[in-house]
Structure formats: structure tokens, C-alpha cells
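Working notes, structure below.
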Amino acid sequence: MSCPRFRVPALLAALLGSHTLSHAALDTVAFLELRVSLLRVSAAGMERLLERQIVLAPDLEPRPVRAPFGGSDEASLDLTATLLGPLDQEPYALALRCRVDAPGGPWHVSRRLDLREGTTHLMEVAPWGEARLLLAVEVERGQRPALRPEGRVGHPVRLALQVERLEADETIPLETNLLHTFVGESVGYAFERGTGDAREVLEVRFLPRALHDSLVELQVEVRGSLPGNPSRLILDRRQTLVLSRGADSAVSVTAGTPPRGYRFRVRPEF
């Protein structure tokens, strides 16, 4: 099964260009990235039905993740993960609520998990014919920069957005839009292409969270679905960037081999 990839520039210096960021303006926020896999386990072996990534942080509201599995719209998994404690040391405590909708269900499971990096937690969530459905949960702690706000909530922000189609090694420009919003308010762009199994549905949303001098902290959300094999790939991911005014940055969503998908180039002005 191929999984969607959500790529952002790896180095903060690449995002900020030639600007120097004052230590007084910058905080470091810890976050957890959960990798959750739904497994079908039977006497014949194990099959991975889907895999999702969930980002948890003290400044992010928990959000349910819903995904179909098994190649049928009649079977779906709903997950909600919530932090229960600080992220300064292991184990990391969180609550995981799971609902499986499938013939014979639904099934509900709620657990408190105490997770450590480098380990996998398994939990049974539902029967599946002669097999069982298990969740495999892994965790990795990371850190990201965050700007301290200057009391500029409501300040207008313009985002120049360029949408590009990615086809293996080829990049095809599709359109350019100018999005208007304010600090503390999100703005989005959505589109739908194709029909049937080739249908592509994507929405990208941008939330300016804070400004400092020529820098903006921008939360990016990408949701939607792309064609996959054997079932559609469901996208639901959040990422926070620190960008310089007038400088381009790109967020790419691709799937498959060779990779195909979309790139969203964004340039903030304020």
C-alpha cells in the first residue's frame, strides 16, 4: 500500500531567507507525531489496511481522523487522539478513541496509552470475519519554531498561492490565486478534478497565527483524497511554518511511485 507524503522545507534557514530571527521573538514548541496503522491479522498472516499520521501539540486542538478501509465505503475508521500530559519526558500520555464502522459493528474502543519512542503499541479494535483488526501505534517527538505574537491579531495578511501538478519529474503550473485573510482567521482553496476512480479532491487552508517584524507563523492544513490502490488515499495533515514576508515556500502532497500529486507555493504579504 502506498501512503501519501506531505513534504515541507526541512531547514528553517531555507524558509527565512536572509532574515535573522531574534531569540526574543522565537519559541520552540514540542509536538508528537503518531503513526497509526490498521492491521488485519489472521492465521494466514498480517495485512496493513491503512496508515495515518496524527500530529499532537499543546497548541493544537484535537481533531478526529476518518478513513475508509478494505476497499469498501462500508468500512471506516474514526480516530481521535488527545494529549494527557506534558511532552518534556517519556512516556508520553495520551487518550486514543477509536470507532470502527463495518458490517456487524460499530465497535468502540477507548484507551489511555503511555508511549515511548522506538516502541510499537498494539491494541485490538474489532473482529473482521475470521480475522482481527488491530491498531499499531508508534510515536516520535519533534520540535518546531513558533513566533511570539506582538498583539497584531486581526492584522491583514495576503497569500499569493500558486498550484502546480506534479507528474513524476514534470511540474505543470495550473493557476495562481491571491487569498486575503487576517491574523487568527483561516482562508482556504479547494478543487476537484476527474470522475470515478480517478477523482481527486483537495482543500488547503492557511491560518496566520502570529506576526513578528517580517515573519509570519502560518499553519497549513491539507485535506482530501487521491486515487490509490487498492483504496483511495485519504489526506488529513497539519503543519506549522515560519515564513518571511515576500519569500516563497512550498507544500507538496504526493502519492505513488513515481510520485504524483500537487504542490502549493505560498508567498505571504502583510
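The values are calculated or read from the model by the stated rules, or taken from the named source; none is laboratory data. Here the structure is a predicted model, which means the values were calculated and not measured. Note that we place each Cβ from the backbone using ideal geometry, even for glycine, and neighbour counts take in every protein chain shown. Just the protein is used for accessible areas: all its heavy atoms, side chains included, with ligands, DNA and RNA removed. Shrake-Rupley method; radii C 1.70, N 1.55, O 1.52, S 1.80 Å.
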Which one of ARG40, ARG35 is closer than 30 Å to LEU207 by Cα, open to solvent by 50 Å² or more (accessible area, probe 1.4 Å) and at pLDDT 90 or above?
ARG35
So which residues in segment 81-110 are farther than 21 Å from ARG48 by Cα and of a type in the set (D, E, K, R)?
ASP88, GLU90
Tell me which of these ALA93 doesn't satisfy, since it passes every other one: (1) under 21 Å from GLU33 (Cβ atoms); (2) within 20 Å of the chain's Cα centre (by Cα).
(2)
Wholly inside segment 175-270, strands (runs of 3 or more DSSP E) that include 1 or more residues that are surrounded by fewer than 19 Cβ atoms within 10 Å (Cβ to Cβ) and free of Cβ contacts under 8 Å to residues at least 60 places away in the same chain are 187-193, 200-212, 215-226
Selected residue [open to solvent by 70 Å² or more (accessible area, probe 1.4 Å) and of a type outside the set (Ser, Thr, Tyr)] from ARG132, ARG165
ARG132
Looking only at segment 48-93, which residues are open to solvent by 70 Å² or more (accessible area, probe 1.4 Å) and modelled with pLDDT under 90?
ARG48, PRO58, GLU61, PRO64, ARG66, ASP73, GLU74, PRO86, ASP88, GLN89
Can you tell me how many residues within segment 254-266 are at pLDDT 85 or above and either closer than 16 Å to GLN219 by Cα or among the charged types (D, E, K, R) (or both)?
4
Filter segment 94-115 down to residues that are open to solvent by 50 Å² or more (accessible area, probe 1.4 Å) and of a type outside the set (Asp, Glu), then give me how many there are.
10
